[in-house]
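The values are calculated or read from the model by the stated rules, or taken from the named source; none is laboratory data. What you are looking at is a predicted structure, and each value in this text was computed from that prediction instead of being measured. Here the Cβ positions follow ideal geometry from the backbone for every residue, glycine too, while neighbour counts run over all protein chains shown.
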């Protein structure tokens, strides 16, 4: 069962894009590394902020973005911890 956390997703929305640093971004759930089941999203804690173009690029070529997604999730979680969101 996927764990949802609306408060954490709101925090992720408040951050700039992990890739290009555009100020407006949406939560992107990590893909292509087995964090979600087939056809399901990963838990909300496994999200990072991505703007619309970067989000589209990750979904278009997920195998090219495995390592950056892992780094961006860790950066997002570390920021959340620093600011008391986790």
In the list 50, 86, 74, which residue meets the criterion of being surrounded by fewer than 16 Cβ atoms within 10 Å (Cβ to Cβ), in contact with a helix residue (DSSP H, G or I) (Cβ under 9 Å, 6 or more places away or on another chain) and either under 17 Å from residue 4 (Cβ atoms) or at pLDDT 90 or above (or both)? 86
Residue by residue through region 59-71, note down the ones that are crowded, with 17+ Cβ neighbours inside 10 Å and under 21 Å from residue 5 (Cβ atoms). 69
Which ones in region 23-44 are at pLDDT 95 or above and either in a loop (DSSP other than H, G, I, E, B) or on the phi > 0 side of the Ramachandran plot (or both)? 23, 25
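Hey, can you tell me all the residues within region 3-20 that are touching a residue at least 40 places away in the same chain (Cβ under 8 Å) and either out of contact with any helix residue (DSSP H, G or I) (no Cβ under 8 Å at 6 or more places or on another chain) or surrounded by 13 or more Cβ atoms within 10 Å (Cβ to Cβ) (or both)? Talk me through it step by step, then tell me what you get.
Initial filter on region 3-20 (touching a residue at least 40 places away in the same chain (Cβ under 8 Å)): 3-5, 7-8, 11-12, 15, 18-19.
Correct list: 5, 7, 8, 11, 12, 15, 18, 19.
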Between a first residue in region 40-63 that is under 13 Å from residue 23 (Cα atoms) and a second residue that is surrounded by fewer than 16 Cβ atoms within 10 Å (Cβ to Cβ), which pairs have beta carbons less than 6 Å apart while being 6 or more apart in sequence or on different chains? 51/22; 54/20
